[in-house]
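*Asks:* Pasting in a structure now, in structure tokens, and then I'll have a few things to ask.
The values are calculated or read from the model by the stated rules, or taken from the named source; none is laboratory data. All values derive from a computational prediction rather than experimental measurement. Neighbour counts are summed over all protein chains in view; Cβ atoms, including those assigned to glycine, are modelled from backbone coordinates with ideal geometry. Just the protein is used for accessible areas: all its heavy atoms, side chains included, with ligands, DNA and RNA removed. Shrake-Rupley method; radii C 1.70, N 1.55, O 1.52, S 1.80 Å.
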Amino acid sequence: MRERQADRGARRDREFEAFVAGASGRLLHTATLLTAETPADNPRARRLLTLALAHTYACWDRLRGEDPYNRTRQFLATRFARTAWHQYGGLGRARPHPGSVLAVLAPQERLILVLRLYEGVAEEQAAALLGLPVERVRAVCDRATATLLHPPRGPAPAVVGAKAVAS
């Protein structure tokens, strides 16, 4: 009996190690995009990925044909959203790494943009994952894309030496 459990445990470990070897690079990149850190300096992304992989390992036997990548990505996204909400009082006020291109986006915008464009998750799936209406996911994704393509400009420069016209 113990031998069979040991064999099952060893097989489980090998399967999980193979999964991590194949998927960890992409998942780390996803976590790095979510946290808006640079690839060279991403401790929050690594911590987020470690938590997601630990969760996936803990429920490995219960997956029963479910894609472990989807489960890990789902945990990664929900954990990021929950962390951003608790640390910064909402999904709109997180402090990303200043050197990241995605730093101009709010955490919710980053999350939806990464899920939709980088991970290729359908609008309906992203909406169900985040508990939002599909229209909201579409609007946030469109706004985030527009922000990245056309970054906001600073305040208009003051005109020096202009005279006011009196009516």
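*Asks:* Under a Cβ-Cβ cut-off of 13 Å, what is the net charge of the residues other than residue 54 that fall near it, where Lys and Arg count +1 and Asp and Glu count -1?
*Replies:* +4
*Asks:* Give the calculated FRET efficiency between residue 6 and residue 149 to the nearest 0.05, with a Förster radius of 45 Å applied to their Cβ-Cβ distance.
*Replies:* The formula returns an efficiency of 0.25 here.
*Asks:* Moving on. Over the Cα atoms of the stretch 1-86, what Rg and Dmax result, in angstrom?
*Replies:* My reading of the Cα-based Rg and Dmax gives 14.5, 49 Å.
*Asks:* Could you tally the net charge around residue 143, taking each other residue with its Cβ under 15 Å from the Cβ of residue 143, Lys/Arg +1 and Asp/Glu -1?
*Replies:* Once positives and negatives cancel, what remains is 0.
*Asks:* Right, another one. Provide the net charge surrounding residue 32, with neighbours chosen by a C-beta distance below 12 Å and charges set as Lys +1, Arg +1, Asp -1, Glu -1.
*Replies:* Charge balance in the 12 Å sphere: +3.
*Asks:* Largest first, how would 71, 8, 2 line up by accessible area (1.4 Å probe)?
*Replies:* 2, 8, 71
*Asks:* Okay, moving on. By average Cβ neighbour count within 10 Å, what is the ranking of 72-85, 14-27, 119-132 from highest down?
*Replies:* Listed from highest to lowest mean packing, they are 72-85, 119-132, 14-27.
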